[in-house]
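Below is one structure, written out as structure tokens; comments come after it.
The values are calculated or read from the model by the stated rules, or taken from the named source; none is laboratory data. For clarity, every value in this text was computed on a predicted model and none was experimentally measured. FYI the Cβ positions are ideal-geometry reconstructions off the backbone, even for glycines, and counts take in every protein chain you see.
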Amino acid sequence: MKNRLEELRKERGIKQDELAEALEVSRQTIGSLENGRYNPSIILAFKIAEFFNMSIEEIFIYRENVNHEK
């Protein structure tokens, strides 16, 4: 899953450790999220969306290759 976390964080001039503290996670978690190595729990996704005053869908981009045959 891709996300806009790094872009949004940098636009607002927030450091990884500042965001981590606000979300009550480690700086490493923020780095892993930004690099796409970690997908957040639904609770963390909601916390991130609330922090940025955005919807989850505005931050996280979910794409699945599904063959929808009828």
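Conditions tested, residue by residue: (1) in contact (Cβ under 8 Å) with a residue 24 or more places away in the chain; (2) of a type in the set (A, V, I, L, M, F, W, C); (3) surrounded by 12 or more Cβ atoms within 10 Å (Cβ to Cβ).
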{"site": "I14", "(1), (2), (3)": "no, yes, yes"}
{"site": "T29", "(1), (2), (3)": "no, no, yes"}
{"site": "N39", "(1), (2), (3)": "yes, no, yes"}
{"site": "N53", "(1), (2), (3)": "no, no, no"}
{"site": "F60", "(1), (2), (3)": "yes, yes, yes"}
{"site": "R63", "(1), (2), (3)": "yes, no, no"}
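Per-residue answers, yes or no, for (1) in a loop (DSSP other than H, G, I, E, B); (2) of a type in the set (D, E); (3) surrounded by 12 or more Cβ atoms within 10 Å (Cβ to Cβ); (4) modelled with pLDDT of 95 or more:
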site: E21; (1), (2), (3), (4): no, yes, yes, yes
site: V25; (1), (2), (3), (4): yes, no, yes, yes
site: S32; (1), (2), (3), (4): no, no, yes, yes
site: I43; (1), (2), (3), (4): no, no, no, yes
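Does region 1-9 include one or more residues that are in contact with a strand residue (DSSP E or B) (Cβ under 6 Å, 6 or more places away or on another chain) and among the charged types (D, E, K, R)?
yes
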